[in-house]
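Novice: Sharing a structure, written as structure tokens. Questions coming.
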Amino acid sequence: MHGRQAPPHQASATDAEVREPGARGSISVAIISYDETLQELCAAVEVLLAQTRAPDEILIVDNGTRLGSGPFADALTRYEPTATVIVPEQNLGYVGGVNLAAARAWTDYLVCVNPDAQVEAQCLEHLAQAADCDPKVALVGAQILLADGVTRNAGDNPVHPTGISTAGGYGEPREHGDCREVAAVSGACCLIRREAFLTLGGFVHELFMYYDDVDLAWRARIAGWRVVYCPAALVRHEYEFARRGRKWFYLERNRLFSVLANYEARTLALLAPLLLATELGLLLVAGAQGWLADKLQSYRSLLSLRRTLTVERRKVQRSRRRTDGELMALFDDRIDSALVPAAGAALANAVCVPYMRLVRARLRGPGSPVGPQGSS
């Protein structure tokens, strides 16, 4: 079972400015499966087919190599030709699975949906409308709710200057309001403009999984695209922090990879004391919470990826259309999250907020925004 594939179209935010806004884009949905049950996958597909703006195709990438034959394959054939199962030769991880889906897709938009996410009926319609209205929008994120449907899990995900990104609004009441530009959105359900994704080179393959959503949003904004959060696009998600295991390893390695690849050299020099202090603090936290081995392994893995990191850094800097001084307007100097111990957050904020005032003053150029969100 194979989907149609269009030749990659190279584009930039500058190209997008001259295209007519408002055109209704076609939609592919990518579901990256590993160990989900047949019932879960069928439920996910059926919810997508019942959307008020139904997808033109659904691409199920089977990283667990279970869907190509047997009862799984037989059951999923009922959704053909809209749904297609793609079985790679090996487990590509989340990022490789999405990259493969983007290469196979033929549509304008690629919507990534976690297989265990419950997408509400108008979700795709709201996501696509936000992208239809502005061709410079590369990413549109949904509001991710916990299973109760009234409490937020993630969505408008803050990014700290150290690269730390927490689930935005976790534990807070469901949000209402218009779309807005943000630093990052949740990969549990987000729309990606396919031309932007291909231009950016897709997800960095070596990241495998976790932090990929933050890195892509960061690189998109560097290249001049917009990243938007749409509270009206609703998804319920059974949140479990470390369902797959080794999450801290991937989060920490990939965060440092992104920080080193995405910042300008001058910014890295200015942030060096803060970044080193953060690493010392995280080593203490990791030791206290029992994930020190993963933290140390993240350093070893990052070192082994140094050549890849060098290549990625050159690519990102060549794509640059916005300075770090401009991008910092959407970074948050404070860490305020229900997922972070209050004492640790208070200590980090006491150090970071005044330090970042100095950094921002050095980075600020003519026409750059004066300050960040949440810097006071």
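Novice: Within the set of pairs 6+ apart or on separate chains, which have a first residue in the range 256-273 that is more than 14 Å from GLY163 (Cα to Cα), a second that is of a type in the set (Lys, Arg), and C-beta atoms under 7 Å apart?
Specialist: LEU270/ARG362
Novice: Is there any pair linking a residue in the range 207-227 that is in contact (Cβ under 8 Å) with a residue 24 or more places away in the chain to one that is in a helix (DSSP H, G or I) and acidic (Asp, Glu), with Cβ under 9 Å and at least six apart or on different chains, and which?
Specialist: LEU207/ASP215; TYR211/GLU252; ARG221/GLU326; ILE222/ASP324
Novice: Looking at PRO135, PRO88, can you tell me which residue is farther than 30 Å from ASP333 by Cβ and surrounded by fewer than 22 Cβ atoms within 10 Å (Cβ to Cβ)? Reasoning before the result, please.
Specialist: On the way: PRO135 fails: surrounded by fewer than 22 Cβ atoms within 10 Å (Cβ to Cβ).
The unique qualifying residue is PRO88.
Novice: Quickly run through the range 135-165 and pick out the residues that are under 12 Å from the mean Cα position of the chain (by Cα) and within 26 Å of ALA277 (Cα to Cα). Working first, answer last.
Specialist: Let us first name the residues in the range 135-165 that are under 12 Å from the mean Cα position of the chain (by Cα), namely 138-142, 154-159, 165.
Matches in the range 135-165: ASN157, PRO158, VAL159, SER165.
Novice: Moving on to the next point. For the range 105-118, give me the residue count where each residue is within 23 Å of TYR210 (Cα to Cα) and either at pLDDT below 95 or touching a Ser or Thr at 6+ places or on another chain (Cβ under 8 Å) (or both). Please lay out each step first, then the result.
Specialist: Filtering the range 105-118 for residues within 23 Å of TYR210 (Cα to Cα) gives 105, 109-118.
From what's left, either at pLDDT below 95 or touching a Ser or Thr at 6+ places or on another chain (Cβ under 8 Å) (or both): 105, 109-111, 114-118.
The total comes to 9.
Novice: Right, next: Within the range 22-35, is even one residue closer than 22 Å to LEU127 by Cβ, at pLDDT 95 or above and in contact with a Cys (Cβ under 6 Å, 6 or more places away or on another chain)?
Specialist: Taking every residue of the range 22-35 in turn, at least one turns out to be closer than 22 Å to LEU127 by Cβ, at pLDDT 95 or above and in contact with a Cys (Cβ under 6 Å, 6 or more places away or on another chain).
Novice: Cβ-Cβ under 6 Å, sequence separation 6+ or interchain: first residue in the range 42-54 and modelled with pLDDT of 95 or more and exposed (fewer than 15 other Cβ atoms within 10 Å of the Cβ), partner not in a helix (DSSP H, G or I) and not aliphatic (A, V, I, L, M). Which pairs?
Specialist: Matching pairs, first to second residue: THR52/GLN122.
The values are calculated or read from the model by the stated rules, or taken from the named source; none is laboratory data. From a predicted model like this one, the values you see are computed outputs, not experimental measurements. Methodologically, a virtual Cβ is constructed for each residue, glycine included, from the backbone with ideal geometry; neighbour enumeration extends over all protein chains shown.
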